[in-house]
Amino acid sequence: MIATWHWHFYGTLDFSQKNVIVNAKANLLKSNFYLLHLTKDTIQAVADLDLNCTGSSIDSFLGYVKLYNIDVKRNQRRLNLDSVNINSTKKMGNIN
């Protein structure tokens, strides 16, 4: 069997509440989205992650996700990114 994911995960995932709570650092060392039937194209990625967030969907996401040292390969074409930061806060009752 071909491994589709290989990663190191340091932290916690809490599914005991309505909103999932994630507080972790992780290293995605190997991935193949095609073999997981998530994409039609061959897409592979590696990255380092820093996660501190909660939510039950993208609409209720609060916190941050930081991706570093991103290397994505799609059909033999490569994209390297230094970092991507996603941050969501609540201001006056609204998620921003």
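Test of understanding: among Leu62, Leu49, Leu81, which residue is in contact with a Gly (Cβ under 7 Å, 6 or more places away or on another chain) and within 30 Å of Asn94 (Cβ to Cβ)? Don't jump to the end; show me each part of the working.
Numbers: Leu49 fails: in contact with a Gly (Cβ under 7 Å, 6 or more places away or on another chain); Leu81 fails: in contact with a Gly (Cβ under 7 Å, 6 or more places away or on another chain).
None of the others qualify; the one that does is Leu62.
Working only within segment 84-96, note down all residues that are under 16 Å from the mean Cα position of the chain (by Cα) and surrounded by fewer than 16 Cβ atoms within 10 Å (Cβ to Cβ). Steps first, please.
Filtering segment 84-96 for residues under 16 Å from the mean Cα position of the chain (by Cα) gives 84-88.
Matches in segment 84-96: Val84, Asn85, Ile86, Asn87.
In this structure, does Asn80 turn out to be in contact (Cβ under 8 Å) with a residue 12 or more places away in the chain and out of contact with any helix residue (DSSP H, G or I) (no Cβ under 6 Å at 6 or more places or on another chain)?
Working: in contact (Cβ under 8 Å) with a residue 12 or more places away in the chain: no; out of contact with any helix residue (DSSP H, G or I) (no Cβ under 6 Å at 6 or more places or on another chain): yes.
Criteria not met by Asn80.
Of the residues Asp59, Asp48, only one is in contact (Cβ under 8 Å) with a residue 24 or more places away in the chain and within 24 Å of Asn23 (Cβ to Cβ); which? Break it down stepwise before answering.
Values: Asp48 fails: in contact (Cβ under 8 Å) with a residue 24 or more places away in the chain.
After ruling out the rest, the residue left standing is Asp59.
Hey, could you check segment 8-32 for residues that are without any contact (Cβ under 8 Å) to a residue 24 or more places away in the chain and closer than 26 Å to Asn75 by Cβ and say which is surrounded by the most Cβ atoms within 10 Å (Cβ to Cβ)?
Leu28
Looking at Leu13, is it among the hydrophobic types (A, V, I, L, M, F, W, C) and over 14 Å from Gly63 (Cβ atoms)?
Against the criterion (among the hydrophobic types (A, V, I, L, M, F, W, C) and over 14 Å from Gly63 (Cβ atoms)), Leu13 does not qualify.
Hey, among the residues in segment 49-83 that are surrounded by 12 or more Cβ atoms within 10 Å (Cβ to Cβ) and among the β-branched types (Val, Ile, Thr), which one's nearest to the chain's Cα centre (by Cα)?
Within segment 49-83, the subset surrounded by 12 or more Cβ atoms within 10 Å (Cβ to Cβ) is 49-55, 60-74, 81, 83.
Filter again for among the β-branched types (Val, Ile, Thr), leaving 54, 65, 70, 72.
Values: Thr54: 13, Val65: 7, Ile70: 11, Val72: 13 Å.
Out of the qualifying residues, it is Val65.
Values quoted throughout were computed directly from the atomic coordinates according to the rules given, and no laboratory measurement underlies them. Since the structure is predicted, the reported quantities are computational estimates derived from the model, not experimental observations. In this analysis, Cβ positions are derived from the backbone assuming ideal geometry, glycine residues included, and neighbour counts consider all displayed protein chains.
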